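Have a look at the structure below before the remarks.
What follows draws every value from the coordinates through simple rules; no lab data is involved. Owing to the predicted nature of the structure, the values given are computational and were not obtained by experimental measurement. Ideal geometry is used to build each Cβ from the backbone, glycine not excepted, and the neighbour counts take in all protein chains shown.
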Amino acid sequence: MIRAEDGTMKRLASLTGAMFLAASEALAAENQSRPARRIVISLADRKLAVVEAGRVVEVFATAVGAPESPSPTGSYEIVNRLAEPTWYGHGKVVPPGKSNPIGTRWMGLSVKGYGIHGTNAPSSIGHNASHGCIRLRNSDVEKLFEMVAVGDAVELYANRTAELDEIFGAAAVAAISR
């Protein structure tokens, strides 16, 4: 048994505890600066990826804003989530159901009026066809809805980057540029 009569062991234990605390605080700060889950959207590819801890978990085909009503670009976050939403627009109110233009799920973004949602026009997926929102097939938006939470980061990119090449594949770049 080691005796700490001279206080050496107590000082060593205190120093070790302080080093552990500093390392834990640094790791927590690093984790806060990088969201654990991100939704990355390539408007050029018309695709959405869920990225967790730097790993692509799922990729979905989307419809994005039409030329006259483009999707916004930038960094946002999910501010609300609604299952079976009611659509309000153009002087109409459409309750949940097959004719609802936002489909079965809505995930509102921190940019007013925009969100990620389903659709009653699945043939629009893969095209620049929305009023700026990101549309998914209802089955896909339901799956995405279960994967994400309020506060998750959403990044919308108009142009390809090296990270988007990694996420969506460089082969997609060749197909887009043809």
Subject >> Dipole magnitude of region 37-177, debye to nearest 20 (Cβ charges: Lys/Arg +1, Asp/Glu -1, about Cα centre) >> reply: 380 debye
Original post:
Which loop-located GluC sites (Glu not before Pro) does region 45-139 contain, where loop means any DSSP state but H, G, I, E or B and the Cβ has at most 12 other Cβ atoms within 10 Å?
Top reply: GLU68
Subject >> Table column - 3J(HN,Hα) (Hz), region 138-145, Karplus curve with 6.51, -1.76, 1.60, x for Gly and Pro >> reply: 4, 5, 6, 5, 5, 5, 4, 3
Original post:
Where in region 98-131 does the amide nitrogen come within less than 11 Å of the point 7 Å from the Cα of GLU142, taken along Cα to Cβ?
Top reply: 104-105
Original post:
Once phi is turned into ³J(HN,Hα) by the Karplus curve 6.51 cos²θ - 1.76 cosθ + 1.60 with θ = phi - 60°, what whole-Hz value does each residue of region 69-83 show in order, with x for glycine and proline?
Top reply: 9, x, 6, x, 10, x, 10, 9, 8, 6, 10, 7, 9, 10, 8
